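Note sheet for the following structure.
The values are calculated or read from the model by the stated rules, or taken from the named source; none is laboratory data. Just so it is clear, the model here is predicted, and its values are computed rather than measured. Every residue, glycine among them, receives a Cβ derived from its backbone with ideal geometry; neighbour counts consider all protein chains shown. Please note that ligands, DNA and RNA were not included when accessible areas were found on the heavy atoms of the full protein model with its side chains. Shrake-Rupley method; radii C 1.70, N 1.55, O 1.52, S 1.80 Å.
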Amino acid sequence: MTEPPSCCQLNWSYYRHSIKKKMDPPKFVPAEWLTQEVLKEDCKLKIVDATWHIPAWKRDAIAEHESCHIKGSVFMDLREVRDTESDWPNAIPSREHFENCMGKLGISNDSAVVLYDNNEQFGMYSVARAWVLFKLFGHNHIAILDGGLPRYLKSSGPTESGPLATPKQVVYKAEFIKADQTRSFEQMLFNWKEKLEQVVDARSAGRFNGTSPEPNPNLPSGHMTGSISLPFMNFFSADSRTIKSPEGLKEAFQQAGVDLDKPLVAMCGSGITACWIVVAGLLCSMKTVPLYDNSWTEWVQLAPAHTKTLGVKGSDIK
């Protein structure tokens, strides 16, 4: 096996040694529990709406929040909580930018945060991205509302409408991202050659196989050769659209051909739904599941031709 390029040295210990610090698995709270907490006069939770929609859906997450949101919640705009100077659409923000964004939401290091999103089609969608960002920057007191806003509404949880909340800004201090929790393009290219980690893709089967277009009509669909398709919605119960049990998650991985006894890295289109692979892997007792943040959007444009299988392009479909 060849030595990695210099850009990979920081993460090379991951391949040679066990992970020194395990990332804590996510906690999911049921809608019924959150309903009771919100009804308390002294509710101390920081409830955060992390809804993000694919632009092609032509939905306005802010307008939807203003129309109906969980009582007392604030809106975390994932379009802003990213590296806004990057060429890639959802690149992880700098530590300083994340600190500023959380401080403006009134979130401190001691805040107990419950994240949710609003997606009737899947039940949950972008909330895993928000959870991963919080964990990457070291926040520990955090949970996900199981089933999102749709499930909460079914439990008759208190809601309200109105403009975005503007809480008093507080100081938030983020940790530096651990080297074993993300992957760069150079590291993924090295991994493609050496096959050290399984690459698991959370996009739909159609996008992975190249028969359905990407949300970006200028990019072809397809996949990294050698990667494994595991659509993120396979982690949800079909009837309740809540997260499956650890046994159900393990079955989803196994049916896709993923070996949970071997390391894996998560990818998708641009770093949003790949976070469900991170979440599911941790719930299956993996020590860490690194995120290839720029995912297919970067790979399809930069990787050598022999490392990718290309499909249809939205702009070519009449």
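Structure summary
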read-out	value
Sole residue being aliphatic (A, V, I, L, M) and part of a strand (DSSP E or B), chosen from ALA238, ALA174, ALA143	ALA143
Whichever residue in the stretch 290-308 is over 17 Å from GLN198 (Cβ atoms) and among the β-branched types (Val, Ile, Thr) and, among such residues, is surrounded by the most Cβ atoms within 10 Å (Cβ to Cβ)	THR297
Of residues in the stretch 225-258 being in contact with a strand residue (DSSP E or B) (Cβ under 6 Å, 6 or more places away or on another chain) and open to solvent by 40 Å² or more (accessible area, probe 1.4 Å), the one modelled with the lowest pLDDT	ARG241
Selected residue (criterion: farthest from MET188 (Cα to Cα)) from residues of the stretch 256-302 that are of a type in the set (Ser, Thr, Tyr) and not in a helix (DSSP H, G or I)	SER285
Matching residues, the stretch 127-149, being open to solvent by 30 Å² or more (accessible area, probe 1.4 Å) and either in contact (Cβ under 8 Å) with a residue 60 or more places away in the chain or of a type in the set (Phe, Trp, Tyr) (or both)	ASN140
Filtered residues of the stretch 124-142 (kept if of a type in the set (A, V, I, L, M, F, W, C) and within 14 Å of MET233 (Cα to Cα))	MET124, VAL127, ALA128
Out of VAL81, VAL48, sole residue that is assigned to a strand (DSSP E or B) and at pLDDT 95 or above	VAL48
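This table checks each residue for (1) modelled with pLDDT of 95 or more; (2) more than 20 Å from the chain's Cα centre (by Cα); (3) open to solvent by less than 10 Å² (accessible area, probe 1.4 Å).
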site: GLU214; (1), (2), (3): yes, no, no
site: HIS223; (1), (2), (3): yes, no, no
site: ASP261; (1), (2), (3): yes, yes, no
site: LEU282; (1), (2), (3): yes, no, yes
